[in-house]
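Asker: Have a look at this one before I ask anything.
The values are calculated or read from the model by the stated rules, or taken from the named source; none is laboratory data. For clarity, every value in this text was computed on a predicted model and none was experimentally measured. Methodologically, a virtual Cβ is constructed for each residue, glycine included, from the backbone with ideal geometry; neighbour enumeration extends over all protein chains shown.
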Amino acid sequence: MSKKWKLADSIPDNFIKEFPDLSPVVLQLLHNRGIKTQEQIDEFFNADFISDICDPYVLIDMERAVKRIFEAVEKNEEVLIYGDYDADGVTSSALLYDIFTQIGLHPEVYIPQRETEGYGLNEGAVKEIISRKFNLVVTCDCGISNFDEVEIFNKSGVDVIITDHHKEPEKLPNAFAIIHPGLKRENYKTKNLAGVGVTYKLASGIIKSDLFAKDKQEKEKSLKWLLDLVAIGSVTDMVPLIGENRTLVKYGLIVLRKTQRLGLQQLYEIAGTNVEKINSMTIGFQIGPRLNSAGRMDHANNAFELLKTNNLETAIKIARELNISNSKRQDLTNKIVLEAKSQIDCVDENTKFIFVKNERWNLGIIGLVAGKLSQEYYRPSFVLGHDNKHWVCSCRSIDEIDIMEVILKFSDKLIRFGGHKSAAGFSLPDENLEYVQNVIKDELEKKLLGLELSSSLKIEAEINLANIDWNLCDYLEKFEPFGMENPEPKFLLKNCIVKEISTMGSDKSHLRITLEQDGIIKRAVGFGFANKFSNLKIGDKIDLVVNIGINEWNGNRNIEIYISDINLKENV
């Protein structure tokens, strides 16, 4: 086995007795996701846009923020939306632009340049915004850590409304209003909305206000047509797809299939997207990377323009540019990964983290590189480039480590920092590099002492071939959309006999196996497995980790078993 197989603990018998209408396999999947009550089960399987979306006015500063925004409308004030350069930030910016224009504002949008300005508010941008006489600045997907920058705005008489979802700092900015469900002071049910989810709450507050001059039906339409952006930002930012996030994404996928945005329509065209089957995987592998490529390779303004344009020629032009940009991004990522690996001597049980740097590396790519290194070596990975002034680091973590806890140990040596438990970034002066690296080393050696670091293949339940039927498939479809904390289920099949084996594909790299277990015979497919398991032969007894899907071809629907890993029993 290339990975450690980790089977979830079996559910208690009383849980099975409590819900006799559901199969033990389905109950196991629900239990694994922390869904243990009838109310939670109903919400999960029957997500409702009205009842399962939290009231935005539960947030402490919502009423204050909404009143200030309508005051800006009344006074015809100059309003600026300050966003971020990733897909979450860009969709957040586009969403606020949409709703602000609906209420009569004419906002400008400022998205910082990744390499020269970095994440969040920066002093240079703040001074430029002040010089241009803006009255109100609304941040999205950033701002919660920008105490000093907000103070500069305050001294110049510029009001700031922050919408953000990143880790709460020790000292909150003195903003006019802060919309952030994750703050300790908030009693909001869902603490882990994406940045675009938070901006959607502000938009919801605006739409639900009596000052939003539309009837109930029109208000509901306005709320729903924004959900395509919410789905994109939530999936790309990898928030848990449980509870409210799940409901937002589930309905957002419906809107994505019907989207009125010309830019997205053209992106579908150039990416070869099957519009009728758009799901979270479509966002993760087709839509999201193309939107993100703008900020990584040049400037995120291009992605923002794609989402807001009403001009077909512009939509076609930008979609083509983003497609080319994404291809270049893929090539450059692969190149930098190889260069980074050349700096890594040996990864063994004594290696607690990866730390690589190069002044020439593209700062828009280093986060992707960190992710690939962390995934391959299963170590917290720190990848650094240089912006001609300071070192800039992107880091990705593993299950055992909250990377932000590590960063906070040396945050006083940083120029700026931010992020989540599993992904973060910071910039620091050249002279602090050695100190920071030593603190990282000390912290991770202490936190990971005695732990065997290896990636695991998380298995939801053990099943038999006999369990794989249309009833199970129908329930698995109800578990979509898949994402963080709601992954596509993987199952364990034990003691299967190989009855037939063959290769598939033009290069014969794929494996097709006919399996027998307790008299039941079914076929399974392993993409890219032919070389890895070339010694597999008829009669072998094997255990498999699989996921189950439906293959549709020429109008026919068949249950398909997809192999994730194989263990030959003689190797046990």
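Asker: Just checking: which of the helices (runs of 4 or more DSSP H) contained wholly in the stretch 61-131 hold 3 or more residues that are in contact with a Phe, Trp or Tyr (Cβ under 8 Å, 6 or more places away or on another chain) and in the same structural domain as L193 (by TED's automatic domain parsing)?
Answerer: Ranges flagged: 62-74, 87-102, 123-131.
Asker: List the residue pairs whose Cβ atoms are under 6 Å apart, where the first residue sits in the stretch 513-531 and is in contact (Cβ under 8 Å) with a residue 40 or more places away in the chain and within 16 Å of E560 (Cβ to Cβ), the second is surrounded by 14 or more Cβ atoms within 10 Å (Cβ to Cβ) and of a type in the set (V, I, T), and the two are 6 or more positions apart or on different chains.
Answerer: I513/V498; I513/I501; G526/I563
Asker: Which one of these is more than 31 Å from the chain's Cα centre (by Cα), surrounded by fewer than 17 Cβ atoms within 10 Å (Cβ to Cβ) and within 30 Å of I278 (Cα to Cα): G528, G519, G505?
Answerer: Numbers: G528 fails: more than 31 Å from the chain's Cα centre (by Cα); G519 fails: within 30 Å of I278 (Cα to Cα).
From the options G528, G519, G505, the qualifying one is G505.
Asker: Which residue is farthest from I242 (Cα to Cα), if the candidates are limited to the stretch 472-507 and must be touching a strand residue (DSSP E or B) at 6+ places or on another chain (Cβ under 9 Å) and in a loop (DSSP other than H, G, I, E, B)?
Answerer: Pass one, the stretch 472-507, residues touching a strand residue (DSSP E or B) at 6+ places or on another chain (Cβ under 9 Å): 472-473, 476-477, 479-480, 483-504.
Pick out the ones that are also in a loop (DSSP other than H, G, I, E, B) and you get 479-480, 485, 487-490.
Values: F479: 10, E480: 11, E485: 7, P487: 10, E488: 13, P489: 15, K490: 18 Å.
The selected residue is K490.
Asker: What tally of residues in the stretch 207-233 results from selecting those that are part of a helix (DSSP H, G or I) and either touching a Ser or Thr at 6+ places or on another chain (Cβ under 9 Å) or at positive phi (or both)?
Answerer: We begin by selecting, within the stretch 207-233, every residue part of a helix (DSSP H, G or I); these are 207-208, 216-225, 227-233.
Still in the running and either touching a Ser or Thr at 6+ places or on another chain (Cβ under 9 Å) or at positive phi (or both): 207, 223, 225, 228-233.
Within the stretch 207-233, residues that are part of a helix (DSSP H, G or I) and either touching a Ser or Thr at 6+ places or on another chain (Cβ under 9 Å) or at positive phi (or both) number 9.
Asker: A further question on this structure: When you check Y57 against the structure, is it at pLDDT 95 or above and hydroxyl-bearing (S, T, Y), yes or no?
Answerer: Details: at pLDDT 95 or above: yes; hydroxyl-bearing (S, T, Y): yes.
In short, yes.
Asker: Against the definition (crowded, with 22+ Cβ neighbours inside 10 Å and either in contact (Cβ under 8 Å) with a residue 60 or more places away in the chain or of a type outside the set (D, E, K, R) (or both)), how does D86 come out, yes or no? Explain how you work it out, then say what you get.
Answerer: Working: crowded, with 22+ Cβ neighbours inside 10 Å: yes; either in contact (Cβ under 8 Å) with a residue 60 or more places away in the chain or of a type outside the set (D, E, K, R) (or both): yes.
Judged against the criteria, D86 is a match.
Asker: Oh, and also: Among what's in the stretch 534-572 and is assigned to a strand (DSSP E or B) and hydroxyl-bearing (S, T, Y), pick the residue that is farthest from the chain's Cα centre (by Cα).
Answerer: Filtering the stretch 534-572 for residues assigned to a strand (DSSP E or B) gives 541-553, 556-568.
Now narrow it down to the ones that are hydroxyl-bearing (S, T, Y): 562, 564.
Details: Y562: 24, S564: 22 Å.
Going through the qualifying residues, I end up with Y562.
Asker: State all residues of the stretch 227-243 that are crowded, with 24+ Cβ neighbours inside 10 Å, in contact (Cβ under 8 Å) with a residue 40 or more places away in the chain and among the hydrophobic types (A, V, I, L, M, F, W, C); if no residue qualifies, say none.
Answerer: Within the stretch 227-243, L229, V230, A231, I232, V235, V239, L241 qualify.
Asker: Residues of the stretch 531-570 being closer than 19 Å to Q517 by Cα and of a type in the set (S, T, N, Q), which ones?
Answerer: Kept after step one, since they are closer than 19 Å to Q517 by Cα, are these residues of the stretch 531-570: 536-548, 559-570.
Within the stretch 531-570, N547, S564, N567 qualify.
Asker: For the stretch 1-57, name all the residues that are within 19 Å of P487 (Cβ to Cβ), among the hydrophobic types (A, V, I, L, M, F, W, C) and outside any loop (DSSP other than H, G, I, E, B).
Answerer: Within the stretch 1-57, W5, L7, V25, V26, L27, L29, L30, I41, F44, F45 meet the criteria.
Asker: Condition first: under 20 Å from E339 (Cα atoms) and either touching a Phe, Trp or Tyr at 6+ places or on another chain (Cβ under 6 Å) or in a helix (DSSP H, G or I) (or both). Now tell me which residues in the stretch 380-419 satisfy that.
Answerer: If the condition is that a residue be under 20 Å from E339 (Cα atoms) and either touching a Phe, Trp or Tyr at 6+ places or on another chain (Cβ under 6 Å) or in a helix (DSSP H, G or I) (or both), then P380, F382, L384, G385, C393, C395 are the ones that fit.
Asker: Follow-up question, since we're still on this one. In the stretch 244-263, how many residues are in contact (Cβ under 8 Å) with a residue 40 or more places away in the chain and either touching a helix residue (DSSP H, G or I) at 6+ places or on another chain (Cβ under 7 Å) or basic (K, R) (or both)?
Answerer: Looking only at the stretch 244-263, we keep the residues that are in contact (Cβ under 8 Å) with a residue 40 or more places away in the chain, and these are 244-251, 253, 261-263.
Then drop every residue that is not either touching a helix residue (DSSP H, G or I) at 6+ places or on another chain (Cβ under 7 Å) or basic (K, R) (or both), which leaves 245-246, 248-251, 253, 261-263.
Of the residues in the stretch 244-263, 10 are in contact (Cβ under 8 Å) with a residue 40 or more places away in the chain and either touching a helix residue (DSSP H, G or I) at 6+ places or on another chain (Cβ under 7 Å) or basic (K, R) (or both).
Asker: Suppose we filter K372, K357, K335, K389 for residues that are basic (K, R) and out of contact with any strand residue (DSSP E or B) (no Cβ under 9 Å at 6 or more places or on another chain); which single one remains?
Answerer: Among K372, K357, K335, K389, only K335 is basic (K, R) and out of contact with any strand residue (DSSP E or B) (no Cβ under 9 Å at 6 or more places or on another chain).
Asker: If you don't mind, another one. Of the residues that make up the stretch 291-314, is at least one buried (at least 16 other Cβ atoms within 10 Å of the Cβ), among the aromatic types (F, W, Y), in a helix (DSSP H, G or I) and at pLDDT 95 or above?
Answerer: Checked against the condition, which is being buried (at least 16 other Cβ atoms within 10 Å of the Cβ), among the aromatic types (F, W, Y), in a helix (DSSP H, G or I) and at pLDDT 95 or above, the stretch 291-314 yields at least one hit.
Asker: Filtering the stretch 176-202 down to residues that are crowded, with 24+ Cβ neighbours inside 10 Å and of a type in the set (G, A, S), which residue is nearest to the chain's Cα centre (by Cα)?
Answerer: Applying the filter and picking the extreme gives A194.
A quick yes/no check of all residues on (1) crowded, with 17+ Cβ neighbours inside 10 Å; (2) farther than 21 Å from E434 by Cβ; (3) small (G, A, S); (4) without any contact (Cβ under 8 Å) to a residue 12 or more places away in the chain:
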site	(1), (2), (3), (4)
R360	no, no, no, no
A370	yes, no, yes, no
V383	yes, no, no, no
C393	yes, no, no, no
